[in-house]
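Just below is one structure, and these are the notes that go with it.
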Amino acid sequence: TETLSLGINMPARTVAIERFDKYGSAGRATLTSGEYAQLTGRAGRRGLDHEGHAVVLWSRDTPVAEMARTALAAPPDLHSSFRPTYNLAVNLVGRFDRPTAVSVLRRSFAQWEAETSRRGAEKRTRARGGSRDLLVDHLGRRLAVLEALGYVHAWQLTDAGRRLSRPYHE
């Protein structure tokens, strides 16, 4: 499921699951309701589709009752770990114009989560003159540092910025 957490919008209405378990540090374990929801597309596409189908291949190793229990259980609350890193900032500058980069950032689940969790604070902020766009603010701070260090100039990557866009590290 971790490979599907990249924000890829795969608008499939039917998903086939070959195995109802996954390998982790403790060996193989049955999928959780959250992992099942993520695999079947419900985690990232909530509210976008009225109907979706999941086909689970039968296996002696997993009783049908276990599959049904997992499929019908409510998934746990999702929390995004997405953060606008310096690497993300240089890659947005390198791949998109400014309005498109901001649009991409605003469509992230983390932005939705931040805005939802701050609904009350946003109402107060709007009354004072505009809502906060948290991830865009973070991106702006990252870009200010990158400009000060010579990696970005006028929404263009410098040679150093192009080199910085290649490695990735948390």
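The values are calculated or read from the model by the stated rules, or taken from the named source; none is laboratory data. It should be emphasised that the depicted structure is a prediction, and the values quoted were computed from it without experimental measurement. Here the Cβ positions follow ideal geometry from the backbone for every residue, glycine too, while neighbour counts run over all protein chains shown. To get the accessible areas, we keep the full protein, side chains included, count just its heavy atoms, and leave off ligands, DNA and RNA. Shrake-Rupley method; radii C 1.70, N 1.55, O 1.52, S 1.80 Å.
Details
- Single residue of segment 9-34 satisfying the filter (among the β-branched types (Val, Ile, Thr) and modelled with pLDDT under 85) that is most open to solvent (accessible area, probe 1.4 Å): Thr14
- Pairs are defined by a Cβ separation below 9 Å, a sequence spacing of at least 6 or placement on different chains, a first member in segment 87-98 that is over 9 Å from Ser165 (Cα atoms), and a second member that is among the basic types (Lys, Arg) and in a helix (DSSP H, G or I); the pairs so defined are Leu92/Arg98.
- Single residue of segment 75-107 satisfying the filter (of a type in the set (Gly, Ala, Ser) and either surrounded by 17 or more Cβ atoms within 10 Å (Cβ to Cβ) or within 25 Å of Glu147 (Cα to Cα) (or both)) that is modelled with the lowest pLDDT: Ser103
- Residue check for Ala110: open to solvent by less than 50 Å² (accessible area, probe 1.4 Å), touching a helix residue (DSSP H, G or I) at 6+ places or on another chain (Cβ under 8 Å) and at pLDDT 90 or above: no
- If you go through segment 128-151 and keep only what is among the small types (Gly, Ala, Ser), at negative phi and at pLDDT 95 or above, you end up with Ala144, Ala148.
- Within segment 41-65, considering residues that are modelled with pLDDT of 80 or more and surrounded by 14 or more Cβ atoms within 10 Å (Cβ to Cβ), the one nearest to the chain's Cα centre (by Cα): Ala54
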